[in-house]
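What follows is a set of notes on a single structure, which appears directly below.
The values are calculated or read from the model by the stated rules, or taken from the named source; none is laboratory data. In this text the structure is predicted, and so the values were computed from the model without any measurement. As a convention, Cβ positions derive from the backbone with ideal geometry for all residues, glycine included, and neighbour counts pool all protein chains shown.
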Number of protein chains: 4
Amino acid sequence: CPVASQRHSDYFDPRAPPPPPRRREAYGMPPSSPPAAPGAQNGRVFSTYSIYKGKAALSLDPRPPQFVPLDSGAYKVVKEGFVLLQFAPAVATRQYDWTRKQVFSLSVWEMGSVLTLGPTDSCEFFHDPFKGRSDEGKVRKVLKVEPTPDGNSRFFNLSVQNRLLNVDESIYIPITKGEFAVIVSTFNYIIPHLMGWGTFTNSIKPEDSQAYTKPQSGPEYEWRR
Amino acid sequence: CPVASQRHSDYFDPRAPPPPPRRREAYGMPPSSPPAAPGAQNGRVFSTYSIYKGKAALSLDPRPPQFVPLDSGAYKVVKEGFVLLQFAPAVATRQYDWTRKQVFSLSVWEMGSVLTLGPTDSCEFFHDPFKGRSDEGKVRKVLKVEPTPDGNSRFFNLSVQNRLLNVDESIYIPITKGEFAVIVSTFNYIIPHLMGWGTFTNSIKPEDSQAYTKPQSGPEYEWRR
Amino acid sequence: CPVASQRHSDYFDPRAPPPPPRRREAYGMPPSSPPAAPGAQNGRVFSTYSIYKGKAALSLDPRPPQFVPLDSGAYKVVKEGFVLLQFAPAVATRQYDWTRKQVFSLSVWEMGSVLTLGPTDSCEFFHDPFKGRSDEGKVRKVLKVEPTPDGNSRFFNLSVQNRLLNVDESIYIPITKGEFAVIVSTFNYIIPHLMGWGTFTNSIKPEDSQAYTKPQSGPEYEWRR
Amino acid sequence: CPVASQRHSDYFDPRAPPPPPRRREAYGMPPSSPPAAPGAQNGRVFSTYSIYKGKAALSLDPRPPQFVPLDSGAYKVVKEGFVLLQFAPAVATRQYDWTRKQVFSLSVWEMGSVLTLGPTDSCEFFHDPFKGRSDEGKVRKVLKVEPTPDGNSRFFNLSVQNRLLNVDESIYIPITKGEFAVIVSTFNYIIPHLMGWGTFTNSIKPEDSQAYTKPQSGPEYEWRR
């Protein structure tokens, strides 16, 4: 963010407006807790990070990994979490139509790809939400992350071709360097938690450790020290 | 921090002095818990990080995000946290006048901008605390982060023009590479927590996960694996 | 991950297939909770991160540090944790033979070495699981991490020479930039926890801190401020 | 860690030996829980990370920040934590004399300086444990971090001139790139916790947030959105 007077509006305009009015499920905020959605339950926390720009809004919403109990009483991760990206087009100044949102579930390794992007790199990901089912191939989603022509920002672009609903949409949103740094910082933070490694570390209790005091070596738990 | 004998005083002087005397709300420490402030309550922790230099002191104070309960029993972040920067001028050796402090609330994305700064980059942010209200435009704050002429440190500079109080002040404080690295490390740490993603990850409980065992796919929760 | 049409299959193929069928302890998933293994107990969480490719699968499994109680009631780390790497060869499309897996326990400092790898760097580690015992030298394991010829990915290669079982195997798996970024992110996360520093920070309680209010200086706890 | 056959011993030798025998307070392990030390109490966790080399051993030990309770029931950090470095000379193969150890308390901003070190950079820090007291100037400690001549490792060197005890010692220990990466990773992790920001984030509870629902703007809590 070098100082450049003509760019002050970049800092000021896109986020200076008060957040859109909080009407229920309307043009304002992304609906962060659909009552029927998996995961809407006591104790859950919805922590959507939203970026509002002139033509679109983008919200990022982490979703937890899934666990199953084992016979031993321990738990095992059976499905990694992800970050749900929601893109909504602007319909008026500071008004976004979340009923027309398009979504993309960013996996842990796709987040890793985003983390590796140099200032001039691009990447794209393809998803088919019906892959392996009868409607496979009818919905095609492409998420692109690419530098803006001036090299100071990036575009996040979600294109959705949905032949079931006859929808063919593309939503662009510019992301400044500072916002991208926030995304990088949060992806770095959230990746181990989406993999269940945060839950693993929370389960480390010194007082449960006595069972470990015997040597663990052997061909399975080889440990050279 | 290359070894350079003439710079030893950089390492030694600015922080070697004992911290300023801890008089109550006086010239010594930044007042970290104003009783009437929002957030001063049981269970809170005030963890101000202060840097004391010859002409000024700078303290950094994280402030938590705000949540609202949902009908489902879950919680939702409605406002991101921030880091309150407090600048106080020195009035004597190791004495800082916190009654004349100037403050700046650094947002998550502004922290992201600071994280992206290369050694020779600058950035600046503008705030109007009365934006959208009747006194809009009467107070103008500018925070600049820019390299020192020798390139070994950075200046944090807060300028405040307050026409309501007839105040026009500018406070500079040099920040060494090591101190800036601490700031970078703490911003990287705190950003996900200010966005509520830390609270999200704390809410991940393996034993609450049984509800997730059914397939989640579909046009909404598309997931290509 | 620059956009390159011929590489789309890189993004899509290796992980697009549904995860292998979850037969118990069979060709599908790595056995993440062997009942007789040290550490399989109530409250434990198994959070294996697996990467499935055409010729092999690699799973990463963090294992906790070991603690012993002290007379004072405190705990002390006596053995660092590690990350268990498990390599399994593919026997058919999307079928991996975990009964023929080879394992390698990656230590904290070996993870540190992986973190320092530039895009064209390689490193290798040698383990003898029987080092210091009668069968020393009979099993020799070498883990290599090296760039692929096109420079876009890395190979993780585990070679095991086991004279006790007359096994001489070498398993390769290509790791994309995005997957390597995930590994880097998780290693950065897990290292302090494997060293017990996560447990240390969890033990920091403001309300236990009164005992610290006396000065701590002196030749032992020297502190120059 | 590029592959180079003559360097294999670098990977294998310094840490391959079994850890020194765990005699009580003797030549083996650094004494991590002196009973009379501040902080040795129920619930504490000692998580010393030790590096053993041919001529010396270095252990790193995090020490928590100090808090005081406020009238409001909240807590406030009054002293940052630090990392205690302990250097012990080798007296025989795999035997270190911890009774002759020299210690250095690395502050948060000194850790920040270490984090900024490029591969060929050096830095040094000076401490006087009696600064501001009658014995000021009688003990002088210098910690240097500098690249080894071949550029593949770093030396950590602690020099202590103690005129009170007529001691003038200098202990060197080589730290490989992988070990330095572990130190960087753990410093990045521990810095926010030593500043009390980890305790701050632990205190964020969604259910305590209702008090925050009123607007916070104004000259003090200026917030431009």
| request: Considering only region A:115-165, state which residues are of a type in the set (D, E, K, R), within 20 Å of A:Pro89 (Cβ to Cβ) and more than 14 Å from chain B (Cβ to nearest Cβ). | output: A:Lys144, A:Glu146
| Identify, please: which residue in region D:49-62 is more than 8 Å from every other protein chain (Cβ to nearest Cβ), touching a residue at least 40 places away in the same chain (Cβ under 8 Å) and under 11 Å from the mean Cα position of the chain (by Cα) and is, among those, nearest to B:Val182 (Cα to Cα)? | D:Leu60
| Could you say whether any residue in region B:87-104 is closer than 18 Å to A:Tyr49 by Cα and under 18 Å from the mean Cα position of the chain (by Cα)? | no
| field | Residue in region C:198-225 that is nearest to D:Ser107 (Cα to Cα), counting only those that are at pLDDT 90 or above and surrounded by 24 or more Cβ atoms within 10 Å (Cβ to Cβ) | value | C:Phe200
| Residues C:Arg140, C:Arg154: which one is in contact with a Leu (Cβ under 9 Å, 6 or more places away or on another chain) and either assigned to a strand (DSSP E or B) or within 24 Å of C:Ser47 (Cα to Cα) (or both)? | C:Arg154
| message | Return the residues of region B:66-86 that are touching a Lys or Arg at 6+ places or on another chain (Cβ under 8 Å) and more than 19 Å from A:Arg44 (Cβ to Cβ); say none if nothing qualifies. | response | B:Gly81, B:Phe82, B:Val83, B:Leu84, B:Gln86
| said: So, in region D:35-57, how many residues would count as being touching a helix residue (DSSP H, G or I) at 6+ places or on another chain (Cβ under 9 Å) and either modelled with pLDDT of 90 or more or not in a strand (DSSP E or B) (or both)? | reply: 10
| field | Matching residues in region B:84-114 - criterion: being charged (D, E, K, R) and at the interface with chain A (Cβ under 7 Å from one of its Cβ atoms) | value | B:Glu110
| field | Residue, modelled with the highest pLDDT, within region B:145-161, restricted to residues that are crowded, with 16+ Cβ neighbours inside 10 Å and farther than 16 Å from B:Cys123 by Cα | value | B:Val160
| task | Give the residue that is nearest to D:Ala57 (Cα to Cα), with candidates limited to residues of region D:168-178 that are in contact with a strand residue (DSSP E or B) (Cβ under 6 Å, 6 or more places away or on another chain) and not small (Gly, Ala, Ser). | result | D:Ile173
| query | For region B:166-182, does any single residue satisfy the condition of being modelled with pLDDT under 95, of a type in the set (S, T, N, Q) and assigned to a loop (DSSP other than H, G, I, E, B)? | reply | yes
| field | region C:73-91: number of residues that are in contact (Cβ under 8 Å) with a residue 60 or more places away in the chain and either over 21 Å from A:Ile204 (Cβ atoms) or of a type in the set (D, E, K, R) (or both) | value | 5
| said: Go through (1) more than 23 Å from C:Val103 (Cα to Cα); (2) among the polar types (S, T, N, Q); (3) modelled with pLDDT under 85 for C:Ser72 and report which single condition fails. | reply: (3)
| request: Please list, ordered by first then second residue, the pairs with beta carbon atoms under 7 Å, 6 or more apart or interchain, first in region A:189-204 and closer than 19 Å to C:Phe200 by Cα, second hydrophobic (A, V, I, L, M, F, W, C). | output: A:Trp197/C:Ile190; A:Gly198/B:Ile204; A:Thr199/B:Ile204; A:Thr199/C:Val45; A:Phe200/C:Val45; A:Ser203/C:Val45
| field | Subset of region B:66-77 [facing chain A (nearest Cβ under 8 Å) and either of a type in the set (Gly, Ala, Ser) or touching a strand residue (DSSP E or B) at 6+ places or on another chain (Cβ under 9 Å) (or both)] | value | B:Phe67, B:Leu70, B:Ser72, B:Gly73, B:Ala74, B:Tyr75, B:Lys76, B:Val77
| note | Considering residues that are buried (at least 24 other Cβ atoms within 10 Å of the Cβ) and in a helix (DSSP H, G or I), the number found within region B:187-196 is 6
| said: When you scan region C:78-98, do you find a residue that is part of a loop (DSSP other than H, G, I, E, B), touching a helix residue (DSSP H, G or I) at 6+ places or on another chain (Cβ under 8 Å) and modelled with pLDDT of 90 or more, even just one? | reply: yes
| task | Collect the residues in region A:87-108 that are closer than 16 Å to A:Val145 by Cα and in contact with a Lys or Arg (Cβ under 7 Å, 6 or more places away or on another chain), keeping them in residue-number order. | result | A:Phe87, A:Phe104
| said: Checking the condition more than 30 Å from B:Ser122 (Cβ to Cβ), surrounded by fewer than 21 Cβ atoms within 10 Å (Cβ to Cβ) and within 17 Å of the chain's Cα centre (by Cα), which residue from A:Val83, A:Val142, A:Val78 passes? | reply: A:Val142
| Per-region count, region D:105-149, residues among the hydrophobic types (A, V, I, L, M, F, W, C) and in contact (Cβ under 8 Å) with a residue 24 or more places away in the chain | 9
| Within region A:162-169, is there a residue that is within 18 Å of A:Tyr52 (Cα to Cα), among the β-branched types (Val, Ile, Thr) and surrounded by fewer than 16 Cβ atoms within 10 Å (Cβ to Cβ)? | no
